[in-house]
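A quick write-up on the structure given underneath.
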Amino acid sequence: MAYSTYLTLIIPAIFALIATYIAMLFVRSYFLESGVISRNPNKKKDEVIPTSGGVAVSFGFIVGVLVYVFGASFGLYTPVAPVTFLFAAALSVLLITFVGFLDDLNVKTSFGKSTGMKDWRRGMKQWQKPTLTFLGALPLMAVNAGVSIIALPFIGAVNFGLIYPLILLPLAVIFVANAFNLLGGFDGMATGTGLIAVLGLLVYSILYGTYTGALISIVLAASIFVLFFYHRYPVKVLTGDSFTYMFGAAFISAVVIGNMEAFGLIIFLPWILEFIMHARGKFKTTDLGVIKEGGILAAPYGKKIYSWTHIMMNLKPMKEWEVAMYMWFVEIGFVVLAFAMKWFNLL
């Protein structure tokens, strides 16, 4: 890419970062006062924390996209990314963030049973989550985003025709949003792994993919970085379903519009495997740990494994930040695997 082209990536990302930071300051204070709160389940002390930090990430992402569209519309540069697809991605993120925020609002004033452990978040019913997250796919379906010919690992190019925009695309948004939501009960885990995955998409887009994929990835990465700063251990703002759901829509937007479905599939494998492990427990299990003395976390079901975190907590006694860090390395490993497969022409 030319120097001027890189600037059209960097400038929207800077605006996204600044907008997310400003929005995060508002979210942190306003949501705390308004009761959009939760408790940190991995700490014994009775600590109330503002949640739904994904609202700030969504705002920053949309601002970043609009900054690019503004420059293109007013002739500051020749647009490379299709504006229609960018608006579809922004609307997709906005709609699904709204669904996640509604889920974040549904809290209880006392602890009760949830996924086999105590929690005070009621949230949506299991059937409501995939139904409502379908809204995030509608804008991408409407503009027929992506290319129906997909290069699948070990198989090759497959033309899915109308099945791609009408069936595979909405299923992908629903699955990614809900699967990503399964692995995020630890400080810095969801934001850290999500940031690593998006940076992987960014590098891939620059090396092998499209400019549009790079634009969506860098704006998303800048927005997530701000939330990661507040979500890392010790957490100051919880992500909420507004983040996990918006990540699903934004991730799929980058993958589909950037024509990197096969690469995206490989780097999302940790969450696919997490979904399978939770399915073994009929989605009534949790990734959280049992708190012991000194803040040490133990696997909640003993040697039974229903999550990546259960594997880690069975390896050795761990603190919360260690579990998150181990999961970061898992995702880094899958990103490296995806690039290795591309290097050997397996993608």
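Just so you know, all these numbers are worked out from the coordinates, no wet-lab data involved. This one's a predicted model, so the numbers in the text were calculated from it and none came from an experiment. Neighbour counts run over all protein chains shown; Cβ positions are idealised from the backbone, glycine included.
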Problem - region 313-321 - phi-based ³J(HN,Hα) in whole Hz, Karplus 6.51/-1.76/1.60, Gly and Pro as x - result: 6, 8, 5, 6, x, 9, 8, 4, 5
Fill in the blank from the handout: Placing each pseudo-label 7 Å from Cα in the direction of the beta carbon, residue 48 and residue 346 end up separated by a distance in nanometres of 5.1 nm
Completion exercise
In whole angstrom, the spacing between the Cα centers of region 250-304 and region 72-106 equals 26 Å
Exercise for the section: With label points built 7 Å along Cα→Cβ from the Cα atoms of residue 102 and residue 304, find their separation and express it in nm. Expected result: 3.3 nm
Exercise for the section: For residue 149, list long-range residues whose amide hydrogen, built 1.01 Å from N in the peptide plane, is under 5 Å from its own amide hydrogen. Expected result: 160
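When the chain is fully extended, how far beyond the present Cα-Cα distance does residue 315 get from residue 25, taking 0.36 nm per residue of separation?
Answer, rounded to one decimal: 100.6 nm.
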Handout entry: Amide H contacts of residue 318 (H built 1.01 Å from N, under 5 Å, at least 5 apart or other chain)
Key = 297
Completion exercise
Computed ³J(HN,Hα) along region 194-207: with the Karplus parameters 6.51/-1.76/1.60, θ = phi - 60°, integer Hz and x for glycine or proline, the list is x, 5, 5, 4, 5, 5, x, 4, 5, 5, 4, 4, 5, 7
Completion exercise
Taking r as the C-beta separation of residue 76 and residue 138 and R0 as 30 Å, the FRET efficiency to the nearest 0.05 is 0.45
Practice task
Only helical DSSP H runs with n ≥ 4 go in: add -39500 (n - 2.57) per run for the chain, normalise by residue count and round the 222 nm mean residue ellipticity to 500 deg cm²/dmol.
Solution key: -20000 deg cm²/dmol
Completion exercise
Proxy exposure order for 293, 274, 33 (fewest C-beta within 10 Å first) is 293, 33, 274
Practice task
Using the Karplus curve 6.51 cos²θ - 1.76 cosθ + 1.60 with θ = phi - 60°, work out ³J(HN,Hα) for each residue of region 173-188 in order, rounded to whole Hz, and write x for Gly and Pro.
Solution key: 4, 4, 5, 5, 4, 7, 5, 4, 5, 6, 10, x, x, 10, 4, x
Handout entry: Efficiency of FRET between residue 292 and residue 229 - r from beta-carbon atoms, R0 45 angstrom, step 0.05
Key = 0.95
Handout entry: Label-to-label distance, nm, for residues given as residue 128 and residue 87 (7 Å Cα→Cβ offset)
Key = 3.2 nm
